[in-house]
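What follows is a short report on a single structure.
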Amino acid sequence: MHFESRSHYSSNLGREMEFNVYGHGGKIFLVFPSSGGSPNEYADFGMVSACQTFIDQGLVTFYTPNSFDNESWLAKDKSPHEMAAAHDAYDRYIVEELVPLIKYERNYYGALGVTGCSMGAFHAVNFALRHPDVFDTVIAQSGVYDARFFTGNYYGDELVYHNSPVDYLWNLDDTWFLDQYRQNDYIICIGQGAWEEVADTRKLEEAFNAKQIPAWFDYWGFDVDHDWPWWRKQMPYFLTELRAAGKL
């Protein structure tokens with residue numbers, strides 16, 4: 001398997017940002033780590049190994065950027081507005097710096113996929129909804145999609161609102177966004193076992209249905225916990241489904 005451990009300087013964040021690369025071809029997926037996780041997390045918890053067949057066959061390549069959560073949504077000393085402002089800087093880093101670097105180095109012209117587990121799923125959905133021209137395929141595992149989970153009541157702060165999918169999606173009527181959403185692929189998965197926030201996924205599903213956005217909301221069993229052993233089973237299952245549909 002082709003592997004790289006890299007870093008580059010982000011002018012939006014004012015620091016070096018690390019990322020790893022796993023693979024040599026196929027659909028490029030940006031993988032957001034769970035809460036405050038590192039670029040190594042996806043491999044350390046066996047997710048890369050679980051998907052190695054797809055990587056070795058040149059069907060997917062994973063880019064695993066470092067998180068910025070400890071400066072944004074997990075920074076409990078900050079106000080909700082400050083949390084969201086820090087995240088927006090991370091958003092600019094991903095979209096304006098990392099994605100163009102990936103496309104340039106890989107000579108890659110299509111939209112990327114995006115995925116993540118737990119908090120990484122929140123990022124995957126939020127980035128894909130905010131930038132549907134950049135990310136056209138989502139595999140979100142065991143996420144929360146309401147920014148109040150991190151901020152508490154944000155009292156209508158605009159920056160927080162625009163990072164809370166269960167809020168902004170309900171009120172979105174821009175046909176450019178809605179038309180893009182309806183062409184893209186969304187897989188939103190959640191177990192119904194220990195530590196899973198099922199209500200958040202159901203709220204997101206209601207918003208998708210209200211806006212007539214096709215998506216696969218997949219609810220696994222009551223024995224399926226919020227943990228890596230299940231995520232290792234789910235990811236290759238969904239990649240298999242995408243391959244069967246001709247999406248990989």
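Worth a mention:
- The calculated 222 nm mean residue ellipticity attributable to helices in the chain amounts to -11000 deg cm²/dmol, summing -39500 (n - 2.57) over DSSP H runs of n ≥ 4 and dividing by all residues.
- Phi-derived couplings, Karplus 6.51 cos²θ - 1.76 cosθ + 1.60 at θ = phi - 60°, listed residue by residue for region 61-75: 10, 9, 10, 10, x, 5, 7, 10, 4, 5, 9, 10, 5, 9, 7 Hz, with x used for Gly and Pro.
- DSSP bridge analysis restricted to the chain gives an antiparallel fraction near 35%, rounded to the nearest 5.
- Total charge dipole magnitude, region 3-244, about the Cα centre, Cβ charges on Lys, Arg, Asp, Glu only, Debye to nearest 20: 440 debye
- The modelled label-to-label distance for the pair Leu74/Asp218, using points 7 Å beyond Cα in the direction of Cβ, is 2.7 nm.
- Protection proxy ranking for 171-180, 74-83, using the average of other Cβ atoms within 10 Å per residue and placing the highest first: 74-83, 171-180.
- Counting only lysines at least 8 places from Lys211 when in the same chain, those with an alpha carbon closer than 16 Å to its own are Lys203.
- Using Cβ point charges alone (K and R +1, D and E -1), the dipole size of region 124-172 about the Cα centre works out to roughly 120 debye.
- Positive-pole candidate from Asn171, Ala75, Ile190, dipole of the chain, charges at beta carbon: Ile190
- 10 °C / 1.306 mPa s Stokes-Einstein diffusion coefficient of region 3-244, Kirkwood radius on C-alpha pairs, µm²/s: 88 µm²/s
- The Cβ shell under 12 Å around Tyr237 holds other residues with a net charge of +1, Lys and Arg each +1, Asp and Glu each -1.
- Which of Gly110, Gly14, Tyr63, positive extreme of dipole for the chain (C-beta unit charges): Gly110
- At the listed q of 0.22, 0.29 Å⁻¹, the Debye profile of region 98-155, built from one uniform point per Cα, gives log10 I(q)/I(0) equal to -0.84, -1.09.
- Order of Phe149, Phe29 - criterion: other Cβ atoms within 10 Å of each residue's Cβ, fewest first: Phe149, Phe29
- Ser11-Asp56 pseudo-label distance in nm [points 7 Å out on the Cα-to-Cβ vector]: 4.3 nm
- Once both labels are positioned 7 Å from their Cα atoms along Cα-to-Cβ, the gap between Asp173 and Gln192 label points is 3.6 nm.
- Residue separation of Ala210 and Lys247 scaled by 0.36 nm, minus their Cα-Cα distance, works out to 10.8 nm of gained length.
- A convex hull fitted to the Cα coordinates of region 1-104 yields 93 cubic angstrom per residue.
Laboratory data are not the source of any read-out in this text; all were calculated from the coordinates shown. The model shown is predicted, which means the values in this text are computed figures rather than measured ones. In this analysis, Cβ positions are derived from the backbone assuming ideal geometry, glycine residues included, and neighbour counts consider all displayed protein chains.
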